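Novice: The following block contains the structure, expressed as structure tokens.
The values are calculated or read from the model by the stated rules, or taken from the named source; none is laboratory data. Everything numeric here is computed off the predicted structure, so don't read it as measured data. Glycine gets a Cβ as well: all are built from the backbone with ideal geometry, and neighbour counts include every protein chain shown. Please note that ligands, DNA and RNA were not included when accessible areas were found on the heavy atoms of the full protein model with its side chains. Shrake-Rupley method; radii C 1.70, N 1.55, O 1.52, S 1.80 Å.
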Amino acid sequence: MSSTASEGAAELGRALAAIPSPQVNSIPIGPLEIHFYALCILAGVIVAVFWSEHRWAAMGGEKGTILDMAVWAVILGLIGGRLYHVISDAQLYFAPGREPIRALFVWEGGLGIWGAIPMGALGVWLVARKRGLSMSKLSFAIAPALPLAQAIGRWGNYFNQELFGRPTDLPWALEIYPYPEGGLRQGMLPGETTYHPTFLYESLWCLGLAVLLAYLGRRYEDKLQGGRLFALYVMGYCAGRFWIEYLRIDPANDFFGMRLNNWTSIAVFLGALAYFVWAGRRIDSFSSVVVPHGHDAGTQVIGATAKDETVDDSTVYSAVESEEPARDSATSDSTEAGTEYHPSPERSSSEGSAEDDAEDTGTDSGPKPQ
């Protein structure tokens with residue numbers, strides 16, 4: 001009786017599987033075939049760049065900076081991610097009977113985050129170094145956006161029906177179908193059709209991590225500079241990846257009873273933790289430059305400066321960090337320390353100027369922005 005009841009419960013669980021896998025993973029457009037895997041990654045990159053740009057601008061940085069860096073970060077990240085996957089799962093491409101050329105078929109899936117993040121960070125560092133920008137500030141702006149990109153990109157595995165977990169009868173189990181020609185997919189077990197949707201677990205974990213990092217960055221901004229917020233992202237992702245990886249049954253190299261990615265999660269987590277502690281002891285020593293060399297540092301404030309001026313006649317003030325002492329008392333009286341006054345070059349020379357009157361009389365024409 002108990003055996004019959006157990007089998008009936010299992011069948012009911014399978015019948016309630018709420019996540020059927022898609023039957024197609026690409027759409028043909030003329031001679032091209034657009035893979036949903038690539039579209040998911042592209043969507044994640046776009047969302048991450050947009051959010052990072054918003055955070056960077058709020059920190060006083062120039063708009064377009066993150067977009068410029070994203071070009072190199074994405075290119076190098078894809079190369080690094082693919083290299084890690086091919087090296088760590090070399091048996092999938094170079095074992096007897098395999099096709100080595102398929103190691104280049106990125107659209108079929110297979111990008112290792114452990115190679116993508118370091119190589120992507122290298123792309124950001126190269127551009128930041130050339131422009132003289134602070135990696136500390138850049139990492140603070142980018143940190144919450146990365147797990148959001150991963151949360152979106154993981155849905156590419158759903159369309160490819162790959163990287164699923166162990167068989168399960170849970171109501172949210174994922175249905176996996178054999179290949180159209182009848183062969184079993186990597187990780188499938190004979191007679192089993194429903195598995196843990198590890199792509200969904202990781203997507204939800206990364207989404208929660210993005211929200212948490214955004215909150216912590218706002219709440220403890222001063223304490224999480226120096227790359228410490230980015231280190232929290234790395235630790236948070238590693239913690240989630242460890243238990244999710246433990247559920248997966250796709251082919252992988254094992255060492256001492258654990259998958260390679262489990263060991264990688266532990267090593268990277270400890271490295272990020274060590275950096276978090278180290279950076280906390282010297283948090284005031286990191287660069288805080290958010291504007292490239294040759295540009296005014298700070299935020300430009302544009303607005304009318306006299307009661308007879310219009311918005312078009314506005315004056316531009318640029319707050320810059322000044323290391324030179326005030327040259328005369330007039331400068332120190334009319335301008336606060338560390339602030340330069342720049343009249344807009346677009347103003348007509350034929351118009352009356354309240355600033356000219358102020359220069360003649362020795363009085364200020366209006367208050368400067370604080």
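Novice: What number of residues in the range 61-73 are over 13 Å from residue 127 (Cα atoms) and crowded, with 16+ Cβ neighbours inside 10 Å?
Specialist: Of the residues in that region, 2 qualify.
Novice: Find all pairs meeting these conditions: Cβ atoms under 7 angstrom apart; at least six residues apart or on different chains; first residue within the range 210-225 and closer than 23 Å to residue 281 by Cβ; second residue modelled with pLDDT under 95 and crowded, with 19+ Cβ neighbours inside 10 Å.
Specialist: That search, which allows pairs on different chains as well, returns 225/136.
Novice: Let me ask something else about it. In the range 128-148, which residue that is open to solvent by less than 20 Å² (accessible area, probe 1.4 Å) and hydrophobic (A, V, I, L, M, F, W, C) is nearest to residue 44 (Cα to Cα)?
Specialist: This residue is 145.
Novice: Another question about this same structure. Considering only residues that are aromatic (Phe, Trp, Tyr) and either open to solvent by less than 30 Å² (accessible area, probe 1.4 Å) or within 23 Å of the chain's Cα centre (by Cα) (or both), which ones fall in the range 84-109?
Specialist: Across the range 84-109, the qualifying residues are 84, 93, 107.
Novice: So which of 279, 231 is of a type outside the set (Lys, Arg), on the phi < 0 side of the Ramachandran plot, open to solvent by less than 30 Å² (accessible area, probe 1.4 Å) and over 20 Å from the mean Cα position of the chain (by Cα)?
Specialist: 279
Novice: I need every pair where a residue in the range 177-190 that is at positive phi has its Cβ under 9 Å from the Cβ of a residue that is assigned to a loop (DSSP other than H, G, I, E, B) and aliphatic (A, V, I, L, M), sequence separation at least 6 or different chains.
Specialist: Qualifying pairs under 9 Å: 187/163; 187/176; 187/249.
Novice: Counting just the residues of the range 174-208 that are in a loop (DSSP other than H, G, I, E, B) and under 20 Å from residue 237 (Cβ atoms), which one comes out least open to solvent (accessible area, probe 1.4 Å)?
Specialist: The extreme case among them is 197.
Novice: Which condition does residue 274 not pass, out of (1) part of a helix (DSSP H, G or I); (2) in contact (Cβ under 8 Å) with a residue 24 or more places away in the chain; (3) not acidic (Asp, Glu), if it passes all the others?
Specialist: (2)
Novice: Residues that are aliphatic (A, V, I, L, M): which helices (runs of 4 or more DSSP H) entirely in the range 70-159 hold 2 or more of them?
Specialist: Output list reads 113-131, 135-142, 145-153.
Novice: For the structure I just gave you, tell me whether residue 125 is open to solvent by 30 Å² or more (accessible area, probe 1.4 Å), over 14 Å from residue 70 (Cβ atoms) and not small (Gly, Ala, Ser).
Specialist: no
Novice: Still on this model: Taking interchain pairs and intrachain pairs at least six residues apart, which have beta carbon atoms under 6 angstrom, with the first residue in the range 133-160 and within 17 Å of residue 58 (Cβ to Cβ) and the second of a type in the set (D, E, K, R)?
Specialist: That search, which allows pairs on different chains as well, returns 141/55.
Novice: If you don't mind, there's one more thing I want to ask. Name the residues in the range 244-271 that are assigned to a strand (DSSP E or B) and loosely packed, with under 15 Cβ neighbours inside 10 Å, would you?
Specialist: Of everything in the range 244-271, those that are assigned to a strand (DSSP E or B) and loosely packed, with under 15 Cβ neighbours inside 10 Å turn out to be 254, 255.
Novice: Considering only residues that are buried (at least 23 other Cβ atoms within 10 Å of the Cβ) and of a type outside the set (A, V, I, L, M), which ones fall in the range 209-228?
Specialist: Passing the criteria: 226, 227, 228.
Novice: Give the range 91-107 a look and list any residue that's of a type in the set (A, V, I, L, M) and modelled with pLDDT of 85 or more, or say none.
Specialist: Selection gives 101, 103, 104.
Novice: Restricted to the range 160-173, and to residues that are part of a loop (DSSP other than H, G, I, E, B) and open to solvent by less than 10 Å² (accessible area, probe 1.4 Å), which residue is nearest to residue 70 (Cα to Cα)?
Specialist: 164
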